[in-house]
């Protein structure tokens, strides 16, 4: 008899959307790590530009994007930080799995990898809480 592997649950708490121009003055930029979502507001529409991950701190990843492609987009640019609150043990595999699922589900404009398919270590149901904007409340990787 074949059994289906157990679905794991992960919860990401999304921060208030900070203006990208001002985010380098915030403590979370230097102290936090996990996932982040860069979006822009142009007119009345908010569009997700990029979903990323970091295993060190947000500052290094955001400054890299800022110097390379952020200014290619018009409008007000914002960033939300996604802190993984469960499971409490954060592995590189967990962060990579969650990033891949978010990219596949949200199809950000500036992400190129993991938009048509992605691989993962474990099957997760992702609960998104906090100031998630257009990020869905729940993403089930089994539905991808």
(message) Among DSSP bridges having both ends in the stretch 8-143, what percentage is antiparallel? Round to the nearest 5.
(response) 80
(request) Specify the angular offset, from 0 to 90 degrees and rounded to the nearest 10, of the alpha carbon long axis of helix 92-106 from the longest principal axis of the alpha carbons in the chain. (result) 70
(request) For residue 122, put the label point 7 Å out on the Cα→Cβ axis and report which residues of the stretch 75-105 keep their amide N under 18 Å from it. (result) 83-102
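Calculated from DSSP H runs of 4 or more alone, at -39500 (n - 2.57) each and per residue, what is the 222 nm mean residue ellipticity of the chain, nearest 500? If you can, show how the numbers build up before the last one.
Details: 3 runs with 31 residues, N = 144.
Calculated from helices alone, the mean residue ellipticity at 222 nm is -6500 deg cm²/dmol.
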(message) Per q in 0.10, 0.12 Å⁻¹, report the Debye log10 I(q)/I(0) for the stretch 1-117, using one uniform scatterer on each alpha carbon and no solvent.
(response) -0.31, -0.44
(request) Mind pulling the angle between the C-alpha long axis of helix 58-68 and the longest principal axis of the chain? Nearest 10 degrees, somewhere in 0 to 90. (result) 60
(message) With bins 5 Å wide starting at 0, give me the P(r) of the stretch 1-54 over every alpha carbon pair, in whole percents.
(response) 4, 12, 20, 22, 12, 9, 6, 5, 4, 3, 1, 0
(request) Report the paramagnetic label zone for residue 74: residues of the stretch 32-60 whose backbone N is under 16 Å from a point 7 Å from Cα along the Cα-to-Cβ axis. (result) 40-47
(request) Can you tell me which of 98-110, 51-63 comes out highest on packing, and rank the rest after it, using the mean Cβ neighbours within 10 Å? (result) 98-110, 51-63
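We did not get these values from a lab; they are worked out from the coordinates using the rules stated. Everything quoted here is computed from the prediction, not taken from an experiment. Don't worry about glycine lacking a Cβ; one is built from the backbone with ideal geometry, like all the others, and counts go over all protein chains shown.
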